[in-house]
Amino acid sequence: MNVREAVRFSRTSHLPLVLALLVLMSGCSTRTMIETPRLYANTPTPLFGQLAPELRGDMLPVLFVTDRLPEPDESGDGFTYGNQRSASSALGIAQVRIKREHAQGDPGPIAAASTSPGAQPEIEVASRTELVRFPATPYLYRVGDNGQIKVDPGVTRELQQTTAQARKVILERLALTPKKEVYVDVHGVGVTFDAALLSMAEFWHYQGREGVPIAYTWPAGAKGLFFYTVDRESGEFTVLHLKHFLKFLASIPEIERIHVAAHSRGNDVVMTALRELIIEARAKGLDPYKVLKIKNLVMLAADLDLEVEMQRVIGEAMGPAFGRVTIYTNASDSALAVASKLFSSRQRLGSLKTSELTEREREIVKRYVNLDIVIYEGSEGGLFRHNYFGEAAVSSDLLMVLRYGWRPGEGQRRGLEKIDDNIWRIPTDYLAGDRR
């Protein structure tokens, strides 16, 4: 039975097999880069501005934060991180190599190799280096007067030491770029550690290598038929660590803005962590937008129940805590169709059919003034392209949101088709004109 036959079989029998097939495609330490975004292939928009020497050439340095348990790599001489959970999270740096022949240290050939028609060079994880290991959670504590929680002194000292080390790492990377912003990417189920690094690296490359890229990679990639439920619970496990890390990032004065992007089930991890941080900030009488510094929240192929999110996100008025929220949807996303069946969900957020919104839901969406719903209907957006954000049109729109901050109708995003007040569609010819 080949892959396509297996898919046809799975639609009539074992639904989890569909998701299992997606996992088989999700991770290795070498892969071909995404298709050149049309923003660079078909318009005069330059890929790079001025780059520090450390950011030129074939190496893409990407920071990572993970609560995966370390394990030996395939060679046996080094290490990587698997799908088992670690009570302590780590901050490190990985070097991702673009496998092309070019002049070392000169961004010119790299730009040409990345934007010329049909250019899709291979990338690989060349090295992984753990720099900081944070204290294990939950922290040891005692209950003081009036119910106050006091973390043990030893844990407090360790936190202070590791936080100072992590701050130094972040500031060193921030010093290399004039854009004092951080980009945090959170993956979904079935994604290996290296796959998360490669995904972050290629998008940061097409981000013009601006700002500081951070792959937040949690213990996904469980084996077996029921991997989805195992990964789902690992997503719940990682929420505390993500909360701690986002709070730490926001505490660094030199960071001006934070952008968070999540894919598939990673959206549940992100939204749960952010919900708790927003409630905490408001309980202290603070503005969560100023506290958390989140300029953009991008939700890609969100594996979330629409009605649940209406209650948890809209119900807690989370919208004003972000500068802008962009939701990418694809009604033909078969992976989310399977999730809908598994959980008897009326609609998944990432496969939202706006025509099926109730009148009250439409009014709620309309009042979410800093929200944009972007609909993708491309032929490559189905079962095998749950990662359709790598399509040339979608990646271009995503880059215009994160790199240039354009809203629909602004800049090169003028080509989006308006469906409703804050609902837009990516047309098939989006940015598809001849290169000028």
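The values are calculated or read from the model by the stated rules, or taken from the named source; none is laboratory data. Everything numeric here is computed off the predicted structure, so don't read it as measured data. Neighbour counts run over all protein chains shown; Cβ positions are idealised from the backbone, glycine included.
Yes or no: VAL308 part of a helix (DSSP H, G or I), surrounded by 20 or more Cβ atoms within 10 Å (Cβ to Cβ) and out of contact with any Ser or Thr (no Cβ under 8 Å at 6 or more places or on another chain)? No.
The residue that is surrounded by the most Cβ atoms within 10 Å (Cβ to Cβ), counting only those in region 244-287 that are closer than 24 Å to HIS386 by Cα and of a type in the set (Gly, Ala, Ser), is GLY266. Scanning region 173-226 for residues being under 17 Å from LEU249 (Cα atoms), crowded, with 22+ Cβ neighbours inside 10 Å, touching a Leu at 6+ places or on another chain (Cβ under 9 Å) and not small (Gly, Ala, Ser) gives a total of 9.
Residues in region 30-85 that are among the basic types (Lys, Arg) and surrounded by fewer than 20 Cβ atoms within 10 Å (Cβ to Cβ) were compared, and the one that is modelled with the highest pLDDT is ARG85. Within region 144-177, the set of residues being in a loop (DSSP other than H, G, I, E, B) and in contact (Cβ under 8 Å) with a residue 40 or more places away in the chain comprises LEU176, THR177. Pairs are defined by a Cβ separation below 8 Å, a sequence spacing of at least 6 or placement on different chains, a first member in region 39-56 that is of a type in the set (Val, Ile, Thr), and a second member that is surrounded by fewer than 18 Cβ atoms within 10 Å (Cβ to Cβ); the pairs so defined are THR43/GLY433; THR43/ARG435; THR43/ARG436.
Note on region 311-332: residues that are more than 20 Å from GLY390 (Cβ to Cβ) and either among the aromatic types (Phe, Trp, Tyr) or assigned to a helix (DSSP H, G or I) (or both) amount to 8.
Any idea which residue in region 241-280 is nearest to GLN311 (Cα to Cα), counting only those that are without any contact (Cβ under 8 Å) to a residue 60 or more places away in the chain and basic (Lys, Arg)? Filtering region 241-280 for residues that are without any contact (Cβ under 8 Å) to a residue 60 or more places away in the chain and basic (Lys, Arg), the one nearest to GLN311 (Cα to Cα) comes out as ARG275.
Among the numbered conditions (1) surrounded by fewer than 23 Cβ atoms within 10 Å (Cβ to Cβ); (2) closer than 25 Å to LEU398 by Cβ; (3) modelled with pLDDT of 95 or more, the only one that ILE327 does not meet is (1). The set of residues in region 288-305 that are in a loop (DSSP other than H, G, I, E, B) and surrounded by fewer than 23 Cβ atoms within 10 Å (Cβ to Cβ) contains only LYS293.
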